[in-house]
Amino acid sequence: MGGWTTHAGLAVALPLANIDTDQLIPARFMSVPRADGYGQYLLHDLRRDADGTLTEDCAFNAHADASILIAGENFGSGSSREAAVYALVDAGFRAVIAPRFGDIFASNAVNNGLLPAQIGAADYDALINQLGGGTVRASIDLEAGQITLAETIVTFVLDESWRIKLINGWDDIDLTQQHRNSIDTFKDHRRRTAAWAWPAAAE
Amino acid sequence: MSQPRTLLDKLWASHEILRRDDGVSLLWVDRHLVHEGSHHAFAKLAAREAQVATPELTFAVVDHYAPTRNRGQIADPQIARMIETLRANAHEHGLQLFDLDDPRQGIVHVIGPEQGLTLPGLLITCGDSHTSTHGAFGALAFGIGATEVAHVLATQTVWQKKPKAMRIRVEGAVAPGVTAKDIALNWIVRLGTGGAQGYAIEYAGSAIRDLTMEGRMTLCNLSIEGGARFGMVAPDEATQAYVKDRPFAPIGEDWTAAVVAWSDLASDENAEFDREIRIDAAEIAPTVTWGISPEQALPVNATLPDPTALDAGKAEATRAALDYMGLIPGRPLAGTPVDQVFIGSCTNGRIEDLRAAAAVLAGRRAKVPGLVSPGSQPIKAQAEQEGLAEIFIEAGLEWGASGCSMCVGMNGDLVGAGMRCASSTNRNFRGRQGRGARTHLMSPAMVAAAAVTGTIADVRPLLRGRAP
């Protein structure tokens, strides 16, 4: 996963609150291997009719080229399924901008280079009004913590550790291996001082 | 004198290997639970040619895709493949697997405690948001995504920023017919589905002390439905009594040392919380969700909201929810006909839940079809021994095997489009139980009441003259 500092692309609105992970990707698609791609399952039941055809009354469907999603509050609430992030990333999204995110979703997003940018309610309303059912060219600057949508500039909130991680595109396992000595020391200490914390051998 | 500390502070400190300058901690994981859905994480591990760092602390279970019937021959090749993949990964990495034919098999958050894998003072992770269930024992337990699962597999550690601390005190006694499920829905209504985002919740107060371990698990399980990744209850004598002599629980000197260590696992008297909520237990009624978010819930005897009486922001969401659910504004919630019922899940699939439902169903017939899926095979066996299974079957409900079943529908147990299900599960999200399915969350006893009346109904009159 590569890091990134700036991104320019088309922004699209999904002005609904509580888009939970079950809506982002219904459970029945989660057995698919990642290599097969998850983009087609993004918001499947919201965007497609019973036989899987994209519906015309969903404004979102007209803009497959968008890479920045402006969504309502509590986006990504619900399950820990990282497939919800895969669906967004594989559909071409680099950022979701919303007033609030589910905790596990946001952390999964950062682990996949997808920005979960938190904005205030008034800024959210302004962006949604500007977008309507269409797209607008937008840019994101991670270091400045800003989204520019046409003439509008909005500041977003992002945990500092997440900003660093997105910019560097770090792989946590590689990072952690640098601390192997500390981990081994901790493990030995815990083993000695809290032997009860190891499972007893079940018969 | 040192600074008074919360239970969260103590659990965090005892697992913190190091803390980076940006405030993120590297934490030691005492138990890592994996299931069929962990296939992405194992694939990530394989891509780096890495091995599981600590197989003896990693346990695998078949639950999300576990068939509730005809386990011998799985008809759906995709489901069979998911289970096969977990078997292959468990085998390759030398992990203990609770497979379909294992008498200990069940839902990961039910069997962890049942087998004594879950203990006070542990840090427990699992690629499932309802991992907060294990917090009922005074453990630091939280759901993680696939990238984090791969990280735990490879290192037995997890990076995590310490959440803020919230205490929800529930004081007084709940009325008969009111359960942990109702307490949970109550605070979620009050704070909203995102109300506890960024917090770890400690549940406290006399009503929480009075809960059984099963009840505490239900309560902690639902923490995520209010946005909290962590829920916990300080361990006490009830916790110890539950844990003692379970298969993987400490024995001998280890047990003695554990009990000493656990005695410190409580928030200090003057510990400061970032947020405190107080709820009067007596004010809680049997609660039912009417919408498509757990915060859209009401006492069973209330009337459905009227969007025209709400401010614009709330009105739209309310209208959309009522529309999806096929409900008419302003009508009473009770009396709404249901098409089917489901009792089970990591939220309410434990023995106490089955007893509560059976107490309502005994000697009665269900007016609608339904499925009962016990939380584990040991619970299934126990319920059969206690005569509960017979009550369900005689009432006309199907008695299935254990798994996540109709809570998430991955094993094919689905609710049809437009069908209304009274369900003891945890999410009433749009399409959660199947495309177009309409889910009403409630306690197992309330689901039983819905079964015998064929409608959403107050369980309390049905309990009169019966042992609750």
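The values are calculated or read from the model by the stated rules, or taken from the named source; none is laboratory data. Please read all numbers here as calculations on a predicted model, not as lab measurements. Note: ideal-geometry Cβ built from the backbone for every residue, glycine included; neighbour counts use all protein chains shown. Quick note on the areas: whole protein, heavy atoms, side chains included, nothing else; ligands and nucleic acids left out. Shrake-Rupley method; radii C 1.70, N 1.55, O 1.52, S 1.80 Å.
Does B:Arg331 count as open to solvent by 80 Å² or more (accessible area, probe 1.4 Å), more than 14 Å from chain A (Cβ to nearest Cβ), out of contact with any Phe, Trp or Tyr (no Cβ under 8 Å at 6 or more places or on another chain) and farther than 22 Å from B:Ser423 by Cα? Against the criterion (open to solvent by 80 Å² or more (accessible area, probe 1.4 Å), more than 14 Å from chain A (Cβ to nearest Cβ), out of contact with any Phe, Trp or Tyr (no Cβ under 8 Å at 6 or more places or on another chain) and farther than 22 Å from B:Ser423 by Cα), B:Arg331 does not qualify. If we scan the range A:145-159, do we find a residue that is open to solvent by less than 40 Å² (accessible area, probe 1.4 Å), outside any strand (DSSP E or B) and either of a type in the set (D, E, K, R) or facing another protein chain (nearest Cβ under 7 Å) (or both)? Within the range A:145-159, not a single residue is open to solvent by less than 40 Å² (accessible area, probe 1.4 Å), outside any strand (DSSP E or B) and either of a type in the set (D, E, K, R) or facing another protein chain (nearest Cβ under 7 Å) (or both).
Considering only the range B:94-113, I want to know if a residue exists there that is of a type in the set (Gly, Ala, Ser), within 12 Å of chain A (Cβ to nearest Cβ) and over 15 Å from B:Met410 (Cα atoms).
Step one: of the range B:94-113, the residues of a type in the set (Gly, Ala, Ser) are B:94, B:106, B:112.
Filter once more, so that each one left must be within 12 Å of chain A (Cβ to nearest Cβ): B:112.
Right, trim to over 15 Å from B:Met410 (Cα atoms) and you get B:112.
Yes: the range B:94-113 contains one or more residues that are of a type in the set (Gly, Ala, Ser), within 12 Å of chain A (Cβ to nearest Cβ) and over 15 Å from B:Met410 (Cα atoms).
The combined condition, being under 26 Å from B:Leu191 (Cβ atoms) and surrounded by fewer than 24 Cβ atoms within 10 Å (Cβ to Cβ), is not fulfilled by A:Ala50.
Exactly one residue among B:Thr439, B:Thr455 is hydroxyl-bearing (Ser, Thr, Tyr), modelled with pLDDT of 95 or more, in the same structural domain as B:Ala317 (by TED's automatic domain parsing) and under 22 Å from B:Asn186 (Cβ atoms), and that residue is B:Thr439.
Residues are listed down the side, and each one gets a yes or a no for (1) within 30 Å of B:Gly195 (Cβ to Cβ); (2) of a type in the set (Val, Ile, Thr); (3) facing chain B (nearest Cβ under 10 Å):
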{"residue": "A:His7", "(1), (2), (3)": "no, no, no"}
{"residue": "A:Leu14", "(1), (2), (3)": "yes, no, no"}
{"residue": "A:Leu24", "(1), (2), (3)": "yes, no, no"}
{"residue": "A:Arg34", "(1), (2), (3)": "no, no, yes"}
{"residue": "A:Gly37", "(1), (2), (3)": "no, no, no"}
{"residue": "A:Leu42", "(1), (2), (3)": "yes, no, no"}
{"residue": "A:Asp57", "(1), (2), (3)": "no, no, no"}
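Here B:Ala285 clears all of (1) away from chain A (no Cβ under 14 Å); (2) without any contact (Cβ under 8 Å) to a residue 60 or more places away in the chain except the condition numbered (2).
Checking the stated criteria, A:Gly78 turns out not to satisfy the condition of being away from chain B (no Cβ under 13 Å) and on the phi > 0 side of the Ramachandran plot.
Of the helices (runs of 4 or more DSSP H) lying entirely inside the range B:341-426, the ones with 3 or more residues being more than 14 Å from chain A (Cβ to nearest Cβ) and farther than 24 Å from B:Ala457 by Cβ are found at B:377-385. Please verify whether the range A:130-141 includes one or more residues that are free of Cβ contacts under 8 Å to residues at least 24 places away in the same chain and over 12 Å from the mean Cα position of the chain (by Cα). Within the range A:130-141, one or more residues are free of Cβ contacts under 8 Å to residues at least 24 places away in the same chain and over 12 Å from the mean Cα position of the chain (by Cα). Applying the criterion of being farther than 24 Å from B:Arg432 by Cα and more than 27 Å from the chain's Cα centre (by Cα) to the residues of the range B:64-99, the residue that is least open to solvent (accessible area, probe 1.4 Å) is B:His93. Quick one: is A:Val96 under 18 Å from A:Trp4 (Cα atoms), within 10 Å of another protein chain (Cβ to nearest Cβ), in contact (Cβ under 8 Å) with a residue 12 or more places away in the chain and not in a loop (DSSP other than H, G, I, E, B)? The answer is no for A:Val96.
The set of residues in the range B:204-229 that are within 14 Å of chain A (Cβ to nearest Cβ) and open to solvent by 10 Å² or more (accessible area, probe 1.4 Å) comprises B:Ile224, B:Arg229.
Among B:Glu295, B:Glu316, which is assigned to a loop (DSSP other than H, G, I, E, B) and under 24 Å from B:Arg427 (Cβ atoms)? Steps first, please.
On the way: B:Glu316 fails: assigned to a loop (DSSP other than H, G, I, E, B).
Selected residue: B:Glu295, the only one of B:Glu295, B:Glu316 that is assigned to a loop (DSSP other than H, G, I, E, B) and under 24 Å from B:Arg427 (Cβ atoms).
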